[in-house]
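The values are calculated or read from the model by the stated rules, or taken from the named source; none is laboratory data. From a predicted model like this one, the values you see are computed outputs, not experimental measurements. As a convention, Cβ positions derive from the backbone with ideal geometry for all residues, glycine included, and neighbour counts pool all protein chains shown. Heads up: the accessible areas ignore ligands, DNA and RNA and are worked out on the full protein's heavy atoms, side chains in. Shrake-Rupley method; radii C 1.70, N 1.55, O 1.52, S 1.80 Å.
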Protein chains: 4
Amino acid sequence: MGNDLSVVNAARVSLNRNSETFQDQDEKLIKYLLTKKHTSPFEHVVFTFLVKTPLFIRSQWMRHRMWSYNEISRRYTSENIDFYIPESFRKQADNNRQASIDEEIDNINIRDGFISHSKSVKNHISDTSIYLFESYKNLIEQGVSREQARMILPQNMYTSFYGTVDLWNLLHFLELRNDSHAQYEMRLYAQAIEKIVESIVPSTIKIWKKLKLTQ
Amino acid sequence: MGNDLSVVNAARVSLNRNSETFQDQDEKLIKYLLTKKHTSPFEHVVFTFLVKTPLFIRSQWMRHRMWSYNEISRRYTSENIDFYIPESFRKQADNNRQASIDEEIDNINIRDGFISHSKSVKNHISDTSIYLFESYKNLIEQGVSREQARMILPQNMYTSFYGTVDLWNLLHFLELRNDSHAQYEMRLYAQAIEKIVESIVPSTIKIWKKLKLTQ
Amino acid sequence: MGNDLSVVNAARVSLNRNSETFQDQDEKLIKYLLTKKHTSPFEHVVFTFLVKTPLFIRSQWMRHRMWSYNEISRRYTSENIDFYIPESFRKQADNNRQASIDEEIDNINIRDGFISHSKSVKNHISDTSIYLFESYKNLIEQGVSREQARMILPQNMYTSFYGTVDLWNLLHFLELRNDSHAQYEMRLYAQAIEKIVESIVPSTIKIWKKLKLTQ
Amino acid sequence: MGNDLSVVNAARVSLNRNSETFQDQDEKLIKYLLTKKHTSPFEHVVFTFLVKTPLFIRSQWMRHRMWSYNEISRRYTSENIDFYIPESFRKQADNNRQASIDEEIDNINIRDGFISHSKSVKNHISDTSIYLFESYKNLIEQGVSREQARMILPQNMYTSFYGTVDLWNLLHFLELRNDSHAQYEMRLYAQAIEKIVESIVPSTIKIWKKLKLTQ
């Protein structure tokens, strides 16, 4: 709902003015609003996304409380379960407790009783996910309630949700989540959303990007 | 943005379901959501209104903090000033500190030095508004800053604002503001908004009205 | 922060009044405020809780977006991990997709290749949790980043968070979460919180409970 | 409610740590949180203010929607009415539509029928306020409802409200309202609040001020 013109018209109600088309010089007003943190004109532009993402990303996402959410509930349904299996696994950073580094780990040793063997991390995560899914299905088939059985499902399980947010709070989301401090998987979502939003409010995104560079 | 179908599809994401058209039986789901106060499915339907209203109604309105607002600023402009002059004036209720009663007051005595004369309340409010407007213009013409000169403008001056709100918070607004405890002028706005909203989400409004009657 | 007296004094600012002590007749005012959904006087009473709860309860909890949260991050630390292992497991309800029933399941059949054996659900969940914890530790020890390794941890893992909320939003939380539609584990938390809150704002809780019964 | 230590303990729950006293090195953490816009640890520190301010400042203030407000209602009471009469009046800025300049206006010409005489702006505002107050009292005495009679009261009338806000949103308020773009009268309130807050969370305010200077 809305576009760059909605932003400037909302701002110009303070001068009792309104315009029919977005003019080049309106970008100056958008720059002023962003610089002075005049948030409200951006709040009349609203987006709804349908997101599919692993649980551990979902939990980071939903810390953004100015979004409205509706999510699949594993109390209601045990269908359509699948898992995020990364192609590659990153090493832990030494100098940053929070981060990973670009260097990858391909294989790890798996201890199986007295025997230890090498296995790709991807296969290990994949096998474990399948094992847990089978274990979950078994609990369900034998009558355990969905709301309890789900506790054994891991955090790489996918979930789906509708998320509705205004443009100001979306810019705040993009600033925090498409940042070098954010987890790689989170950044991918932020980048995908930025592209969608850019096609709808190109002037706002253009100026917002420039301002970030000069901060 | 959105309609009755958006509400039920947002709710049904919890079951991993989606539908293309609104069915009659979907009203049962809307009733369930309203009854159980499942607010989030209604938050994906969003409205923007352009409102013109006197200051004393604006202040009541803006207590609703889940709306996004952009309002004309009397720091920016001294143009397009007009006033709400009621056709009739209601008497104070004796048994309810907050309320007025339907009985009207037509004329009051105005003291002018030693002389007292009768005048309609409407004319008195109108004359006072004109006097204050002229006084304000005089201050502006002689260079007093708009941000200070405005302090002499009365609360029946009209203001304009954009207000954006989701359907759930709009229902909450209508419940409080189209209520017998609300001021008559406020109720008129709430009733006008209810009609607009009814044309966009007829099933939600129909069921919401029924539920209010049975509470 | 605050108590029953804070509520009535916040409400009475509208009459320009203030009192030093809570009087018995102030309960009438609290009843009026609750009945008419005058939320703001309750918003000046604020609580902070330190909560330890399994992930699947945390996710329900954090849908309440008017709380402020700070949570342990598994990007930062791989220490102090433990799991919720229920003493008993409830059966799925047939007539309510969302719910469980009081009847319990003690043992299930576990298929292990060609062999099937009986095992208590509790032991199965416990063994699986230990297996996943060991698997996680192994990934960490061999250098996989915490932010990726955690994806294999199940949703019965405990998390900890600070949650701050005002009294009005807390009452809304208790209404939804100490309800027959809420998951049993969630209700236990809601009941514990209700007891704590009752000791601090006894009049508000007393009247709120009465009003719920008569709805 | 809360202090500098509450902020760092809320932040450190993410590492599963807690401390009993605020250490000098904790200021580094506060700086990091402010720089990276990690808002949530500041949300567990909460302030309640009792504010007396003219209506035109109140309206700016209440645009901050993350505060909780309870305000005197002129539907309920016609008592304790007084007005803000500035000692001096600022001229309108030529190059900034929104602002005033430091230069003052002492006297203006008042037209009274055919006669024009010089009068100090202060006396003119004071006389007009008294006239409107007497006019309002007259309406009330003759039975006009308070909710309608108040429409003639000007925007320099004082109002009172309780405002409750968390530390993060208070810092945002101070940033916007103790700014050269804010109206002088608004800045006075922001400065008074900053002093109060500084005495309670001195480290947070110290670092926040430094960061503003380097932006």
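Looking at D:N109, D:N96 in this structure, which one is under 23 Å from the mean Cα position of the chain (by Cα) and either part of a helix (DSSP H, G or I) or not assigned by TED's automatic domain parsing to the domain that holds D:L167 (or both)? After ruling out the rest, the residue left standing is D:N96.
In the condition set (1) more than 11 Å from chain C (Cβ to nearest Cβ); (2) within 30 Å of B:M66 (Cα to Cα), A:E87 is compliant with all but (2).
Looking across the range D:160-183, the residues that are closer than 27 Å to C:S14 by Cα and hydroxyl-bearing (S, T, Y) come down to D:S160, D:Y162, D:T164. The set of residues in the range D:108-137 that are within 9 Å of chain B (Cβ to nearest Cβ), open to solvent by less than 90 Å² (accessible area, probe 1.4 Å) and without any contact (Cβ under 8 Å) to a residue 24 or more places away in the chain comprises D:I108, D:N109, D:I110, D:H124, D:L132, D:E134, D:S135.
Can you spot a residue in the range D:40-51 that is more than 23 Å from the chain's Cα centre (by Cα) and modelled with pLDDT under 90? No, the range D:40-51 contains no residue that is more than 23 Å from the chain's Cα centre (by Cα) and modelled with pLDDT under 90. Cβ separations smaller than 9 Å between residues 6+ apart or across chains give the following pairs from the range A:8-28 residues that are without any contact (Cβ under 8 Å) to a residue 60 or more places away in the chain to residues that are of a type in the set (G, A, S) and surrounded by fewer than 15 Cβ atoms within 10 Å (Cβ to Cβ): A:V8/A:S19; A:N9/A:S19; A:R12/A:S19.
Which of the residues that make up the range C:139-156 are more than 7 Å from every other protein chain (Cβ to nearest Cβ) and of a type outside the set (G, A, S)? Step through it out loud before you land on a result.
Within the range C:139-156, the first condition is being more than 7 Å from every other protein chain (Cβ to nearest Cβ), and the residues that meet it are C:140-141, C:149.
C:I140, C:E141, listed by residue number.
Here C:S78 fulfils each of the conditions (1) within 24 Å of the chain's Cα centre (by Cα); (2) more than 10 Å from every other protein chain (Cβ to nearest Cβ); (3) within 27 Å of C:L50 (Cα to Cα) apart from (2).
Looking only at the range D:1-60, residues that are in a loop (DSSP other than H, G, I, E, B), surrounded by fewer than 21 Cβ atoms within 10 Å (Cβ to Cβ) and among the β-branched types (V, I, T) come to 2 in all. Only a single criterion out of (1) surrounded by fewer than 19 Cβ atoms within 10 Å (Cβ to Cβ); (2) closer than 15 Å to D:M151 by Cβ; (3) modelled with pLDDT under 95 is not satisfied by B:S100, namely (1). Considered as a group, the residues in the range D:10-39 that are away from chain C (no Cβ under 13 Å) and hydrophobic (A, V, I, L, M, F, W, C) include one that is nearest to the chain's Cα centre (by Cα), and that residue is D:L34.
Pairing residues of the range C:174-200 that are without any contact (Cβ under 8 Å) to a residue 24 or more places away in the chain and closer than 23 Å to A:Y76 by Cβ with residues that are assigned to a loop (DSSP other than H, G, I, E, B) and not small (G, A, S), at Cβ distances under 6 Å and at least 6 apart in sequence or on separate chains, gives C:R187/C:N178; C:A190/C:N178.
For every residue, the table says whether it meets (1) within 12 Å of D:Q148 (Cα to Cα); (2) at pLDDT below 95.
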position	(1), (2)
B:T53	no, no
B:I57	yes, no
B:W61	no, no
B:Y69	no, no
B:R75	no, yes
B:F83	no, no
B:S88	yes, yes
B:N96	no, yes
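Name the helices (runs of 4 or more DSSP H) wholly within the range D:121-210 that hold at least 3 residues that are assigned by TED's automatic domain parsing to the domain that holds D:L55, at pLDDT 95 or above and over 16 Å from B:Q155 (Cα atoms)? Before the answer, list the steps.
Details: elements: D:121-141, D:146-149, D:167-177, D:184-200.
In the range D:121-210, the matching helices (runs of 4 or more DSSP H) lie at D:167-177, D:184-200.
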